[in-house]
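Enquirer: Shown below is the structure under consideration.
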Amino acid sequence: MIDRSPAAIPQIPSRPARATATITDARVIVTCPGRNFVTLKITTADGTCGLGDATLNGREMAVVAYLEAHILPLLIGRDAHRIEDMWQFLYRGAYWRGGPVGMTAIAAVDVALWDIKAKIAGLPLYQLLGGACRDGVTVYGHANGSTIEETVAEALRYRDLGYRAIRLQSGVPGLKSTYGVSRDKMFYEPADADLPTENVWSTERYMTTVPALFDAAREALGRDIHLLHDVHHRLTPIEAGRLGKDLEPYRPFWLEDAVPAENQAAFRTIRQHTTTPLAVGEIFSSIWDCKTLIEEGLIDFVRATVVHAGGITHLRRIASLADLHHVRTGCHGATDLSPVTMAAALHFGMSIPNFGLQEYMRHTPETDAVFPHDYAFRDGMLHPGDAPGLGVDLDETLAATHPYSRAYLPVNRLEDGTLFNW
Ligand code: EZ4
Ligand code: CO
């Protein structure tokens, strides 16, 4: 028989301990352990600290200014637990909505607040987001080389490291340099100079190289591995349709950023001509950048990220819309996204039903030392770890030994000197 005497009924406290977490401090930390990172650190009255990445490659100091001048004064005294309300306050409250600078700043606040909430709960963040939907987050690595042979040799090396998905980028005969091909194989860094480097581009030379690269790669690697390629916004819709068609026999996992995506309707043309899956969105700031792409089924993978698309709160909204339309996530994960973003992406990727694939460019040992973290690579996957919160720290003493150093992304010109898309 159930004992209903008053003593047996557990007493629910009217106000659970730490139901509010007042923000007492918020600071921006800029550090350059080999490359620039901007990090927001928020502290609450009980001493809990949360981190948010605010790095916008080549435009870092604009986000620093936005945070310091316009966001930090709004944070002090507010309740860190009210994440959605804070998001709405910073987004609607600005009046000027969207854009990469503002949305990166909002993302930094949002991720820091999720970190705090999960630390207070004593849980790894993915548990608060609904718990694990999978064993780990499958990632793809970057194989690149100045020739097709070199790229294929790199791809074999990645396969031996345990990767199940590999992106292939190769030099183009006749072009001195191009996107995705670096000197240092493990640590590709495009922001490579204190004034922009200039690349030269030829669509004609490129269009014949990529199918030959995939042909050689399938020959060497077989069919049992996912192969990807990033066009980096360099084709027109009809050219992208043709390249997608040429690649169909090699079954690429995705063709990325085939055309610039400001004009979402342009993807209708690509779709009419190829069944090669399309991924886009690493530079998107909000759901409005991909609404048409998703609702019309014009893409297969959305690459928007936590750091540049308004944080976990907003990316969940994008992923939910995408799920209705058979679109999966394929979040950006280059080296200019700090370990704080990588951890956030992993907790997010663990917790959503329509996860697709996560990009993973390894950070250098210098960067990892400044951002000690709990996530780890095993068997082609990243695992977020069990530390409460994001599982990432920032060693501020070490960070202070690496001052900001201006670095720009390259620009790209056609062979006749016309400025083109990089
Ligand atoms: O060029 O993150 O898929 N990854 C990419 C990246 C981007 C850089 C720009 O800062 O396209 O390498
Ligand atoms: Co890309």
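Enquirer: Against the longest principal axis of the chain, how steep is helix 203-221, in degrees 0 to 90 to the nearest 10, with axes from Cα atoms?
Expert: Orientation of helix 203-221: about 70 degrees from the principal axis.
Enquirer: Separate question: What's the ranking of 28-34, 82-88 by average number of surrounding C-beta atoms within 10 Å, highest first?
Expert: Details: 28-34: 19.7, 82-88: 16.1.
Packing order, densest peptide first, comes out as 28-34, 82-88.
Enquirer: Spelling out what I want: for every residue of region 277-292, take phi, set θ = phi - 60°, compute 6.51 cos²θ - 1.76 cosθ + 1.60 (Karplus), and round to whole Hz; glycine and proline get x.
Expert: Listing the rounded values in order: x, 10, 10, 7, x, 5, 9, 5, 9, 7, 4, 5, 6, 10, 4, 5 Hz.
Enquirer: If Rh is defined by the Kirkwood formula over all Cα pairs and Rg also comes from Cα, what ratio Rg/Rh do you get for region 10-135?
Expert: The Rg/Rh ratio comes out at 1.01.
Enquirer: Using 32 Å as the Cα-Cα cut-off, could you pick out the over-long pairs in Lys176/Lys291; Lys119/Lys185; Lys117/Lys291?
Expert: On the way: Lys176/Lys291 38 Å; Lys119/Lys185 36 Å; Lys117/Lys291 30 Å.
The pairs that break the limit, which is 32 Å between Cα atoms, are Lys176/Lys291; Lys119/Lys185.
Enquirer: Inverting the mean 1/r over all pairs of different Cα atoms, compute the Kirkwood radius of region 285-386 and quote it in Å.
Expert: That comes to 14.0 Å for region 285-386.
Enquirer: Loop-only trypsin sites (Lys or Arg not before Pro) in region 376-422, please: DSSP not H, G, I, E or B, and at most 14 other Cβ atoms within 10 Å.
Expert: Filter output for region 376-422: Arg406.
Enquirer: Using alpha carbons only, how many degrees (0 to 90, rounded to 10) separate the axis of helix 237-247 from the longest principal axis of the chain?
Expert: On a 0 to 90 degree scale, this one is about 80.
Enquirer: Cα axis of helix 339-351 to longest principal axis of the chain: angle in degrees, 0 to 90, nearest 10?
Expert: Around 80 degrees separate the two axes.
Enquirer: How many percent of Cα pairs in region 128-388 exceed 33 Å?
Expert: In whole percent, the long-distance tail amounts to 16.
Enquirer: Quick one: which residues, 5+ away or cross-chain, put their amide H under 5 Å from the amide H of Asn412? H built at 1.01 Å from N.
Expert: Long-range HN contacts for Asn412: Asn199, Phe420, Trp422.
Enquirer: Magnitude of the Cβ-charge dipole of region 184-331, K/R +1 and D/E -1, about the Cα centre, nearest 20 debye?
Expert: 560 debye
Enquirer: Could you work out how far the C-alpha centroid of region 333-370 sits from that of region 129-177, in angstrom?
Expert: Result: 15 Å between the Cα centres.
Enquirer: Hey, another quick one. Residues with amide H under 5 Å of Arg167's amide H, sequence separation 5 or more or different chain, H placed in the peptide plane at 1.01 Å from N; which?
Expert: Amide H neighbours of Arg167, under 5 Å, 5+ apart: Gly141, His142, Ala143, Leu228.
Enquirer: With an 8 Å Cα cut-off and a minimum separation of 6 or more residues, compute the relative contact order for region 97-185 in percent.
Expert: Once divided by the residue count of region 97-185, the mean separation gives 22 percent.
Enquirer: Would you tell me the accessible area of Arg317, worked out with a 1.4 angstrom probe on the heavy atoms of the protein chains, in Å² to the nearest 10?
Expert: 100 Å²
Enquirer: Each residue of region 121-137 in turn: what ³J(HN,Hα) in whole Hz from Karplus with 6.51, -1.76, 1.60 and θ = phi - 60°, glycine and Pro shown as x?
Expert: With the stated coefficients, region 121-137 comes to 6, x, 10, x, 4, 4, 5, 6, 8, x, x, 6, 9, 7, 6, x, 9 Hz.
The values are calculated or read from the model by the stated rules, or taken from the named source; none is laboratory data. Predicted model, so just to flag it, every value in this text is computed and none were measured. Here the Cβ is made from the backbone with ideal geometry for all residues, glycine too, and neighbour counts use every protein chain on show. Surface areas here come from the heavy atoms of the whole protein model, side chains and all, with no ligands, DNA or RNA. Shrake-Rupley method; radii C 1.70, N 1.55, O 1.52, S 1.80 Å.
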